[in-house]
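Heads up: the structure comes next, in structure tokens.
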Amino acid sequence: MKKIGIFDSGVDTPEEIILAAGFTPYRLFGDPEIEPDKANEHIPPTHCLWTRNLLELAIKGLNSDIVGIITTHGCDRTNREFDIWIECVNVDFMYFLNSPRKLDSAALKFFIDDLNELIIQLEEHFRIKITKELLRESIKKMNIIRKLLREISKYRKQMILSGSEFHEIVKKVQISNKDDAIALLKVKQEELRERQPFSKKNYKKILLTGSDLDDTEFIRFIESLGFQVIIDDLGVGTKYFWDNVDETGDPIEKIAKYHINKPIHSTKFPSYKRFEVLSRLATDYKVDGVINIAQKFCEPVLYDHPYLKKKFKELEIPYLFVEVTYNRESYKQLSTRFSAFAEII
Amino acid sequence: MSKVEKTHNKMLNATQGLKNIMGRHFLAIEQAYRDGKPTAWATSGSPVEMLYAMDVQPMLPENSATVSAAQKFSQKFIEIAESQGFSYDLCSYFKTNIGAVESNAGMIEGGTRKPTFMLSTDVICDTHVNWFQVQAERMNVPHFTIDVPHVVSNTNNRQLNYFKKYISEQLYELVDFMEEVTGHEYNEEKARKVSENSWNLSMVWQDIYELRKNVPCPISTRDTFGGLFPLFCMPGLKAPIKLYKRMYKEAKERVDNGIGALEKEEFRLMFEGIPFWYNLKYFSKLEKYGAIIVYEPYTYAFSKYMNPNVTKEMVLNKPIEAMSELMMSFWYVYDLETRIKKFAETVKDWKIDGVLLHENMSCRPNSCGLYDLKKHLMEDYDIPCLVINADMNDPRKLNEVQVSNQIESFIEILRQRKKK
């Protein structure tokens, strides 16, 4: 099946529309083992390394099944780099989805307009028809996936499923044919029902937040230092399956509402609202600490850090902020900071 | 005549009046506090005219941050912000403001007082919204933000229509917000008057820019970098219009007498980006090469009425609709395709020999796309370009020797081209 690539620093791209158009949504991930040499010819070195990495891969050649790309508004990077993608990535269909920064009724109306425009452009470009019925079916399919992921996610808290294994599962779902994804998740769910907690070792239970992280190796690296990510608010994580889309009424309106109402990324306004979700998760999951990761140059997360630090201090929940370079070689340099945090908590 | 000739390598006499105009702005702020009048912080790109129309005194912390830099305080303030956990990589305007507020700096040092409310928009960057969110929370004041959809190279007219509708709706919400916070009512007649002043101010500024097309160019960045500020802070007032008219008149005299801002103009340059406010003298050093900057998209951009769809009649009669349209078509945030086209046209019209592109570490939205802009200008239009790395407000990020060497080599390239 042909795919539509998704360049999205959050998870605000409505996969239901892509499915209803007859394509597989395929979220674009980076490769932290390559250098963005070609991308550096387009984007300055003081800009987000993760987005430069994505551009590098796209310039070198995307998966041959990808027939279009949707870039969804997140931070200034997604906004400004979209034009560069038009310049140097060889894909015919390119759409910039203006997922709104605000979360009020005017923003909702605008988002609905922009989703409808996406549908018009998909229909015109690929000569297809995206019906409400197809959208409703897609919503049902995505809701099954969301529900399965929510259930599987709980095994992290019970120390039956490691944070890294779960991260890998979510990534897989975000690039797979959704029927395959449902089958995969059902098998995994069955397996987990039988699985025993993986260790008696005294892991530090962590809530992971910050920039979206797509390198599972990074989660494994954290685990190797004595942590377990039992909950998160990331795009390759709970933000992807937080709730279900309402299956009644107008499907586009309900998809838009779902995205407006789900936990937000630092790119939204007011981003401080994130703390409401984070503090609730930290308390409900009784975590030992919170780790906030900022990809190098990730401005929205960098702005939020001092506020989160202050708020978690008020709650007396240990909090660690780390800037990470999207490059596996650099992870080792962070060992001391993580280890020190593990000892403190 | 000799009186005019003496103006070589100096700013216009009229530009000296800028100090008085800005002094008035600062006095108006003081007066507002004395009188208990509502005040607002506003980011650049936000509709400052609407504040004046609602009898709210605007304050622009970006303007204040440049004052800090010019007074050599910015580094100290930036380091205070960094000591509070704000990254080295974040915007230096923002950090200057954090440090200035933390230090209770006076206006002369770039300090800004606690406002009644804050108004931001993401039309230029995310930072504006994040910045005011940080400060609104710290100061415990209400904050209204305007979310402006991003126009990209393949945005179509159908999209522009609902983008505009979304912005308009927010501007009407802004009126409601201001009425609630200040108790003032929106007055259409006052809005019309403010809009007219804003339009007139911008038109004179654009006329001044037209004069810069002349060879030799009558005006240098000595006049435009500072001269920009009324467009930021005072759009809607009459006083700066008079100043701009005086600047225009004097520049026109220079043109009529064939006199340039530079004694011997050899190279005409364009400067893209925000200048180094802590080292404005740096730009005067170009003069030793016979080079003059004759166009800065940054200082031109703020004469906002450049969209042909926005007529004076529309500005006067439908100010909110006009503002919604303008917020999507701002020079500083043009999509890459439009940016390349506008640069090429400008180079031709202003007879520019080369383009300096400031890869500003504090303004990633502006520096994004700079490499492709350079590539297209050089390859498609044969326009020499040079990218220089620095920062608008953080002196630690300017390597003066390195940039000077780059510029020297660039000028040499321009010289060789002229010989051909």
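Bear in mind these aren't lab numbers, they're just calculated from the coordinates by the rules spelled out. Everything quoted here is computed from the prediction, not taken from an experiment. Backbone-built Cβ (ideal geometry, glycine too); neighbour counts: all protein chains shown.
Can you give the relative contact order of region B:276-420 as a percent, counting alpha carbon pairs under 8 Å and 6+ residues apart? Please list the in-between numbers first.
Values: 121 pairs, mean separation 34.1, N = 145.
Answer for region B:276-420 is 24 percent.
Taking each residue in B:363-371, count the Cβ atoms of any other chain within 10 Å of its Cβ, then average. What number comes out?
That works out to 6 on average.
Could you tell me how far the Cα centroid of region A:301-321 sits from the Cα centroid of region B:163-181, in Å?
Taking the Cα centre of each part, region B:163-181 and region A:301-321 sit 33 Å apart.
Once you list every other residue whose beta carbon is under 11 Å from the beta carbon of B:ARG396, what net charge do they have if Lys and Arg are +1 and Asp and Glu are -1?
-3
Could you give the C-alpha radius of gyration of chain B expressed as a fraction of 2.2 N^0.38 Å, taking N as the number of residues it contains? Provide the component values of the computation, followed by the final result.
Working: Rg = 20.9 Å, N = 420, 2.2 N^0.38 = 21.8 Å.
Relative to the rule-of-thumb radius for its length, chain B sits at 0.96.
Can you list the GluC sites (Glu not before Pro) in region A:179-272 that are in a DSSP coil and have 12 or fewer other beta carbons within 10 angstrom? Don't jump to the answer; show the numbers that get you there.
Numbers: sites: A:GLU190, A:GLU191, A:GLU194, A:GLU217, A:GLU223, A:GLU247, A:GLU253; in loops: A:GLU247.
Taking region A:179-272 and a limit of 12 other Cβ atoms within 10 Å, the loop GluC sites (Glu not before Pro) found are A:GLU247.
Using only Cα atoms and rounding to the nearest 10 degrees, what angle (0 to 90) does helix A:105-126 make with the longest principal axis of chain A?
60
Compute the separation of the alpha-carbon centres of region A:157-225 and region B:207-264 and state it in Å as a whole number.
Taking the Cα centre of each part, region A:157-225 and region B:207-264 sit 63 Å apart.
Report, in debye and to the nearest 20, how large the dipole of chain B comes out about its Cα centre when Lys and Arg carry +1 and Asp and Glu carry -1 on their Cβ.
With only Lys, Arg, Asp and Glu charged at Cβ, the dipole is about 1600 debye.
Please build a GNM for chain A, connecting alpha carbons under 10 Å apart, and tell me which residue among A:GLU56, A:GLU299, A:GLU123 fluctuates the most.
A:GLU123
Report the antiparallel proportion of the DSSP beta bridges in the protein assembly as shown as a percent, rounded to a multiple of 5.
Expressed as a percentage, antiparallel bridges in the protein assembly as shown total about 0.
Using the count of nearby Cβ atoms within 10 Å as a rough guide to exposure, how do B:LEU262, B:LEU201 rank from fewest to most?
B:LEU262, B:LEU201
What whole-number value in cubic angstrom gives the convex hull volume per residue for the C-alpha atoms of the protein assembly as shown?
Once divided by residue count, the hull of the protein assembly as shown is 159 Å³.
Provide A:ILE175, A:ILE130, A:ILE120 in ascending order of the number of other Cβ atoms located within 10 Å of each residue's Cβ, fewest first.
A:ILE120, A:ILE175, A:ILE130
Is there a simple number for the mean count of other chain Cβ atoms within 10 Å of the Cβ of residues in B:154-167, and what is it?
Taking the mean over all residues of the peptide, I get 4.
Based on the Kirkwood radius over alpha-carbon pairs, what is the Stokes-Einstein translational diffusion coefficient of region A:38-191 at 25 °C with 0.890 mPa s viscosity, in µm²/s? List each step's numbers first, then the result.
Values: Rh = 18.3 Å.
This corresponds to a translational diffusion coefficient of 134 µm²/s.
Counting other beta carbons within 10 Å of each residue's own, what order do A:PHE221, A:PHE23 fall into, fewest first?
In order of increasing Cβ crowding within 10 Å: A:PHE221, A:PHE23.
In debye, nearest 20: dipole of the protein assembly as shown around its Cα centre with unit charges on the Cβ of K, R (+) and D, E (-)?
Charge dipole of the protein assembly as shown: 1180 debye, to the nearest 20.
Would you please name the chymotrypsin sites (Phe, Trp or Tyr not before Pro) within region B:323-420 that are DSSP coil residues with at most 14 other C-beta atoms within 10 Å of their C-beta?
Within region B:323-420, no chymotrypsin sites (Phe, Trp or Tyr not before Pro) qualify (loop, at most 14 other Cβ atoms within 10 Å).
Take the Cα atoms of region B:290-420, find their three principal axes, and give me the spread along each one in whole Å, biggest first.
That works out to 52, 38, 26 Å along the principal axes.
Relative to the longest principal axis of the C-alpha atoms of chain A, give the angle of the C-alpha long axis of helix A:49-60, reported between 0 and 90° and rounded to the nearest 10°.
Once rounded, the angle reads 40 degrees.
Calculate I(q)/I(0) for chain A by the Debye formula, one identical point scatterer on each C-alpha and no solvent, and give its log10 at q = 0.09, 0.15 Å⁻¹ to two decimals.
With no solvent term, the Cα-only Debye profile gives -0.47, -1.39.
Would you work out if region B:75-194 is rounded, prolate or oblate? Take a ≥ b ≥ c from the square roots of the eigenvalues of the alpha-carbon gyration tensor; rounded if a/c is under 1.5, else prolate when a/b is larger than b/c, oblate otherwise.
oblate
Using only Cα atoms, find the angle between the long axis of helix B:157-182 and the longest principal axis of chain B, and express it within 0 to 90 degrees, rounded to the nearest 10.
50
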